[in-house]
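Report on the following structure.
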Amino acid sequence: MATNILVKDRQNLDYFMPRQGGAINIYLGKESKLRFYSFTFGGNSVKNNLNVIFQDKNSRAELYGLYFGEEGQAIENNTFLHHQAPSCKSLQLYYGVLFGNAQATFNGRILVESKAQKTDAYLESKNILLSREAQLLGKPHLEILADNVKCTHAFACSQVEDDEIFYLQSRGIGKEVAKKILLLGFAKKVVNNVGQESLRNKLCAKISQFLSEKLGAKN
């Protein structure tokens, strides 16, 4: 069963997806603002379904997702941003790191109705695969029925760059610690968007510990 949330006119909402996943429908009123966060650090397989409906003008939604998949884990993120009103903005940043035979799926759909003129929507998904067995399926999808909009998406999948590791090694840093530094920097591009400093620090500490355990990095 989905959870339904109404963000009233000119209200702001910061919402964190439960660790066990779930289904959320969020309705945005006039000049309202949503900041949505989803963080997954290993553990059980999880499925996150999020629908954001822009019901009135000048509302804004920012979606930030970060996931670390480990051996045997499947992570699925499905987002649907339904722009029904004009002059609204949406931003999606979903970053992932996969270990072992972890699997991840990201389905990002943006629908801009004909009356939703001056919509500004951006979707970015970047992923790092740390083994040949890791699998990623990405499906960004734009459906634009208006003619005065700015809608773009970017999707990338790569490995940790050898030259970046070599650069850090040349300065006396061990290989696994070098990987940890690079992956932590990658993750911070999402974490730094969390408004509360104390929570950002806790998330960074948790990511650092997780990476140390997975990579065998000593410091």
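The values are calculated or read from the model by the stated rules, or taken from the named source; none is laboratory data. Bear in mind the structure is a predicted one, so any value in this text is a computation, not a measurement. Cβ coordinates were reconstructed from backbone atoms using ideal geometry, including for glycine residues, and neighbour counts include every protein chain displayed.
Picking from residues in region 191-212 that are in a helix (DSSP H, G or I) and among the small types (Gly, Ala, Ser), the one that is farthest from PHE68 (Cα to Cα) is SER198. I'd like to know if region 154-167 contains one or more residues that are among the charged types (D, E, K, R), buried (at least 17 other Cβ atoms within 10 Å of the Cβ) and either more than 30 Å from LYS115 (Cβ to Cβ) or at pLDDT below 90 (or both). No: region 154-167 contains no residue that is among the charged types (D, E, K, R), buried (at least 17 other Cβ atoms within 10 Å of the Cβ) and either more than 30 Å from LYS115 (Cβ to Cβ) or at pLDDT below 90 (or both).
Looking across region 134-154, the residues that are touching a Phe, Trp or Tyr at 6+ places or on another chain (Cβ under 9 Å) and free of Cβ contacts under 8 Å to residues at least 40 places away in the same chain come down to LEU137, GLY138, LYS139, PRO140, LYS150, THR152, ALA154.
Of the residues PHE99, PHE54, PHE80, PHE39, the single one that is in contact with a Ser or Thr (Cβ under 7 Å, 6 or more places away or on another chain) and either modelled with pLDDT of 95 or more or crowded, with 19+ Cβ neighbours inside 10 Å (or both) is PHE99. Checked against the criteria, THR40 counts as without any contact (Cβ under 8 Å) to a residue 60 or more places away in the chain, in a strand (DSSP E or B) and closer than 24 Å to GLN196 by Cβ.
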